Amino acid sequence: MGTLLVAVGSFFGFILAYHTYGRWLARKVFALDPEAPVPAEALCDDVDYVPTCRSVVFGHHFTSIAGTGPIVGPAIAVFWGWLPALLWVVFGSILIGAVHDFGTLVVSMRNRGQTVGEIAGRVISKRARLLFLTILFLALTVVLAIFGLVIATIFSLYPGSVLAVWMSLPLAIGIGILSRRRGTDLLWPSIGALVILYVSVWVGVYWLPIRMPSLAEPFNATVIWTLILLVYCFFASVLPVWLLLQPRDYVNSHQLLVALGLLVVGLGVAGVTGKADLASAPAVAQQVPADAPPLIPFLFITVACGAVSGFHCLVSSGTSSKQLRTETDAQSVGYGAMLLEGALAVVVILACCAGVGMGKFERIDPAALAAAGATVPEDGPNHPYWRPVVDAETNQPLVGRAAWERQYSTLWADFRLPKMIGAFIEGGANFLTTLGIPLELAVGIVAVLVACFAATTLDSATRLQRYVIQELAGSIGLRPLTDKYLATGLAIGLGGLMAMIPAAEKAPAGTGGQILWPLFGAINQLLAGLALMVVVFHLVRRGRPMLFAAIPMVLMLIVPGWALSVDLLRPETGYLASGRYLLASVAIAVLLLQVWMIVEGLLVWRRARGVIEEGYLPLPPRPAVRAIDAAPVSPGP
C-alpha cells in the first residue's frame, strides 16, 4: 500500500502545482496573451516554423524531453535509497525543472523562436552567446553518443522491441502526408497507428524478433544498430517537421501515455495486493561501496532529467517555440510536460525499487537451451523464454530486498548502461504482469517505451545540434557549415565517432557513449543554470519579477560545478588521479566556460536593469480582424 500512496501523493502534487504555481507564472509573471504574435505564424516557412495545435506540440515536446534521462537517472539514484531521489524529483520538477522549461519556451517565443544561445548574445553579451553555444555543442555531442548507444543496446538485448520502433516511422510519415494534403486532424489517424504499433509489439515479441548479426570487430550488433540510427537521424533532422517529427512524436506520445497508464495501473494493483513493497529497497541507504560518490552533491546531477534538465531548453527554444499557435499554450507545453516527466521519474523510482523487489528474471536463449539438451518452449524457437533468478543456496526465486540488492549491489563496480536500463524494464514488466499481461509481452511493451523515448530525443537532438552548428559557424565565419546538410552531417559524424570508441581497453567498439556518461548529468545541469541566467536577464531588462528563476539559477550553477570539481580532483578515483584525461579535459573546459559566462553576466548586471537589449526585434502584431471580415457571409437569394 505504501507504494500506491507514494505514487498518488506525488501525482496529486504535480496536478496541484500546475494549477497554482504554473498558473501564477503564466498570468502574473510572463503575462501570456492569446492575441500576441507568435513566431509560428509570423515566420511560417512550413519546415521549422509551422503553426500547430497544442496537443500535437505537447506530444512532440514531451517525447523529445522525456528520453532515457528520466529513466536511467532515477534508476541509478535509488542506489542511495528511494526517498532522496523521490523528494528531488517531485520538488525539483515543480520549482526548478518546469520553471526552466516554461521560461525558456516563453523567452524564445518572444524572440522570434531563436535558441537560448542566440538570445544570450543580446541579453548578456556577444561573448556569452559564443560561450553558450560552445557548451550546447559539447552537451549535444554527448547526448547523441549516449542516446544512440541506449537504443542500440535495447535493440540488442530485447530484439522483440525492434519491429514496433521502426514501424512507427512509416506510420508517422503516412499520417503527416494525409494531414497535410487533406487537412485531416491527427487524432484519429494516430489512434489507428497506435493500434498497429501495439500489434507490432506482439508480433515482434512472439513471431518476429529482429536480431542483428555481429560481424567482424568492430562491427558488432551494437555498432551496426548505432550506424543505422545515425543515418536515420540525418534524414529525420532535415525533413520538414510536419512530415515526420510532428506526427511521429504525436503517435509516440499516445503510445507512451498508454504504456505509462498501464504501468501506473499495474503499480496500483501491485500496491493494493501487497505484491509490490517499497521496503524491498532502503528509504535511505546506510552503506554504499567505497567507490561510490557521496549522496550530496551527486544525487542532484544523477537524477538529471527527472527533476531538471538543460537539454530541455534546446527543445523549448529550438523546436517547440517555432510551432505554438498562441502564447497561452506555453503553460501546458512548457510547465505541464515537465511535470509529466517528473511523474515518469516517480514511476521509474517505484519500478526500480518495489518492482524489482517483486522478483528478478533472466532471458534464456531457446537455441542455447536446445544445444544444451534442455527442453525448448512449446511456442517455438523464436519465443522469448524468461525464468526467475534463484538464490544459489535456497534454490528459491529472489524477491524483496534480496532481489533489489542483486540488482544494485555492484552498480558502481559494474557501471553499465544495460544494467541501469534493465532495472526499469524488469521492474516495470513486473508491474504489468499484475494485469494479466504475460511476462515476455510486458518486457516488450516496456522496452518499446524506453526505445521510443530515446529515439524521439535522438533525432530532435540532431536537429538541435544542426541549429547550434549553423549558429556557431555563422559567428566564426565558417560559411560552408551554415548549410543544413553539412551541419547535420557534422553533428551525426561527431556523435557517431564518440559512440564508436571502446569504453575501456578490452571493451567492444560501440560503447564510447559510456565514457562521457559520468559527465552528462553535470553538463546537463550546468546548462540548465546558464539557460535560467538568460531567462533572468530577459526579465530584469523588462522590469519583471525574476526571483523565482534566480534562486534555481544559483543552485544549478553551484551544485553541478561542485560535483564536476569533486569528480576532477577526488584522490585515487578522480579523473586526474586515475588518468582519465579525456574526462578531465572536458570537465575543465566546461568549468572554465561556466565561470567565464558568469563573469560576463556580472559585468552587465547593473546596466541591464530596465534596459531592453540592443538588437531586440519584436514580431509585428497580428492583423486586426475587421468587422466585415468577421461577419457571416450571406447565402444570397
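The table that follows gives values for the structure above.
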item: Single residue of Gly148, Gly117, Gly97 found to be over 17 Å from the mean Cα position of the chain (by Cα) and of a type in the set (Gly, Ala, Ser); result: Gly117
item: One residue from Val123, Val116, Val150 being within 26 Å of Gly204 (Cβ to Cβ), aliphatic (A, V, I, L, M) and touching a residue at least 12 places away in the same chain (Cβ under 8 Å); result: Val150
item: Residue list for region 438-475, filter: free of Cβ contacts under 8 Å to residues at least 60 places away in the same chain and within 26 Å of Cys313 (Cα to Cα); result: Gln470, Ala473, Gly474
item: Answer residue from region 468-482, given it is of a type in the set (Val, Ile, Thr) and in contact with a helix residue (DSSP H, G or I) (Cβ under 7 Å, 6 or more places away or on another chain) and is farthest from Ile492 (Cα to Cα) among those; result: Thr482
item: Subset of region 315-329 that is among the β-branched types (Val, Ile, Thr) and over 20 Å from the mean Cα position of the chain (by Cα) - its residue that is surrounded by the most Cβ atoms within 10 Å (Cβ to Cβ); result: Thr326
item: Residues satisfying the stated conditions in region 107-148, i.e. surrounded by fewer than 24 Cβ atoms within 10 Å (Cβ to Cβ) and closer than 19 Å to Leu617 by Cβ; result: Arg110, Arg112, Gln114, Glu118, Gly121, Arg122, Ser125, Lys126
item: Scope region 173-186; condition surrounded by 19 or more Cβ atoms within 10 Å (Cβ to Cβ), part of a helix (DSSP H, G or I) and not small (Gly, Ala, Ser); matching residues; result: Ile175
item: Residue under evaluation Asn220, criteria (1) in contact (Cβ under 8 Å) with a residue 40 or more places away in the chain; (2) in contact with a helix residue (DSSP H, G or I) (Cβ under 8 Å, 6 or more places away or on another chain); (3) crowded, with 20+ Cβ neighbours inside 10 Å, criterion not met; result: (2)
item: Test: residue in region 152-167 that is of a type outside the set (A, V, I, L, M) and exposed (fewer than 15 other Cβ atoms within 10 Å of the Cβ); result: no
item: Candidate set: region 112-130, residues that are assigned to a loop (DSSP other than H, G, I, E, B) and of a type outside the set (Gly, Ala, Ser); chosen: the one farthest from Leu314 (Cα to Cα); result: Ile124
item: Sole residue being more than 21 Å from the chain's Cα centre (by Cα), over 22 Å from Ser460 (Cα atoms) and either among the small types (Gly, Ala, Ser) or assigned to a helix (DSSP H, G or I) (or both), chosen from Pro170, Pro189; result: Pro189
item: Residue within region 626-637 that is modelled with pLDDT of 85 or more, farther than 16 Å from Leu131 by Cβ and exposed (fewer than 10 other Cβ atoms within 10 Å of the Cβ) present; result: no
item: Index of the failed condition, Ile612 passing every other in (1) at pLDDT 90 or above; (2) in a helix (DSSP H, G or I); result: (2)
item: Qualifying positions in region 192-212 - in a loop (DSSP other than H, G, I, E, B) and crowded, with 16+ Cβ neighbours inside 10 Å; result: Pro209, Met212
item: Helices (runs of 4 or more DSSP H) contained in region 233-350 and holding at least 3 residues touching a strand residue (DSSP E or B) at 6+ places or on another chain (Cβ under 9 Å), touching a residue at least 24 places away in the same chain (Cβ under 8 Å) and more than 20 Å from Gly529 (Cβ to Cβ); result: none
item: Given (1) more than 25 Å from Leu472 (Cβ to Cβ); (2) modelled with pLDDT of 85 or more, number of the condition Ser125 does not satisfy; result: (1)
item: The lone exception for Ala509 - which of (1) in a loop (DSSP other than H, G, I, E, B); (2) crowded, with 17+ Cβ neighbours inside 10 Å; (3) out of contact with any Pro (no Cβ under 7 Å at 6 or more places or on another chain); (4) modelled with pLDDT under 90 it fails; result: (3)
item: Which numbered condition Leu245 misses (of (1) under 21 Å from Ile76 (Cβ atoms); (2) within 20 Å of the chain's Cα centre (by Cα)); result: (1)
item: Whichever residue in region 70-91 is small (Gly, Ala, Ser) and buried (at least 23 other Cβ atoms within 10 Å of the Cβ) and, among such residues, is farthest from Ala549 (Cα to Cα); result: Ala75
item: Residue among Ala442, Ala461, Ala454 that is in a helix (DSSP H, G or I) and at pLDDT 90 or above; result: Ala442
item: Residue among Glu41, Glu35 that is surrounded by fewer than 19 Cβ atoms within 10 Å (Cβ to Cβ), more than 20 Å from Gln114 (Cβ to Cβ) and either modelled with pLDDT of 90 or more or aromatic (Phe, Trp, Tyr) (or both); result: Glu35
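Every residue, every condition in (1) β-branched (Val, Ile, Thr); (2) modelled with pLDDT of 95 or more; (3) more than 21 Å from the chain's Cα centre (by Cα), yes or no:
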residue	(1), (2), (3)
Leu295	no, no, yes
Cys305	no, no, no
Gly310	no, no, no
Cys313	no, no, no
Ala354	no, no, yes
Met358	no, no, yes
Ile364	yes, no, yes
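The values are calculated or read from the model by the stated rules, or taken from the named source; none is laboratory data. Given the structure is predicted, the values throughout are model-derived calculations rather than measurements. Reconstructed Cβ throughout: ideal geometry from the backbone, glycine too, with neighbour counts over all protein chains shown.
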